[in-house]
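Report on the following structure.
The values are calculated or read from the model by the stated rules, or taken from the named source; none is laboratory data. Here the structure is a predicted model, which means the values were calculated and not measured. Please note: Cβ atoms are built from the backbone with ideal geometry, for glycine as well, and neighbour counts cover all protein chains shown.
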């Protein structure tokens with residue numbers, strides 16, 4: 001009788017562990033998109049705050065340094081960050 005209880009408890013614990021791992025994996029995958037947007041918005045804020053780089057004029061030629069690699073255009077950063085009104089975002 002004790003062996004059956006032990007086997008049942010082991011199976012239940014394995015099922016719970018699998019469920020926890022699946023939920024953790026789903027949370028990790030869904031949160032990555034939010035983290036990417038936050039990092040992009042932070043890079044956009046840094047580029048906006050330096051008026052030597054962006055003076056609230058034409059944003060298509062402005063290149064911003066980003067922490068993840070090659071400089072990107074201000075327009076691309078705004079698009080990736082989901083910013084529709086760049087001048088409002090940059091406090092122009």
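Taking the criterion of being outside any helix (DSSP H, G or I) and either at positive phi or modelled with pLDDT under 85 (or both), would at least one residue in region 14-33 satisfy it? Within region 14-33, not a single residue is outside any helix (DSSP H, G or I) and either at positive phi or modelled with pLDDT under 85 (or both).
Scanning region 57-69 for residues that are closer than 13 Å to residue 90 by Cβ and either in contact with a helix residue (DSSP H, G or I) (Cβ under 7 Å, 6 or more places away or on another chain) or outside any loop (DSSP other than H, G, I, E, B) (or both) gives 59, 62, 64. For region 76-88, a residue qualifies if it is over 18 Å from the mean Cα position of the chain (by Cα) and either surrounded by 15 or more Cβ atoms within 10 Å (Cβ to Cβ) or at positive phi (or both), and exactly one does: 86. One residue stands out in region 57-72 among those that are loosely packed, with under 11 Cβ neighbours inside 10 Å and touching a strand residue (DSSP E or B) at 6+ places or on another chain (Cβ under 8 Å): the one that is modelled with the lowest pLDDT, namely 60. The set of residues in region 70-91 being in contact (Cβ under 8 Å) with a residue 40 or more places away in the chain and either under 14 Å from residue 50 (Cα atoms) or not in a loop (DSSP other than H, G, I, E, B) (or both) consists of 80, 81, 89, 90, 91.
Would you be able to say whether some residue in region 37-56 is touching a strand residue (DSSP E or B) at 6+ places or on another chain (Cβ under 6 Å) and part of a helix (DSSP H, G or I)? Yes; the residues of region 37-56 include at least one that is touching a strand residue (DSSP E or B) at 6+ places or on another chain (Cβ under 6 Å) and part of a helix (DSSP H, G or I).
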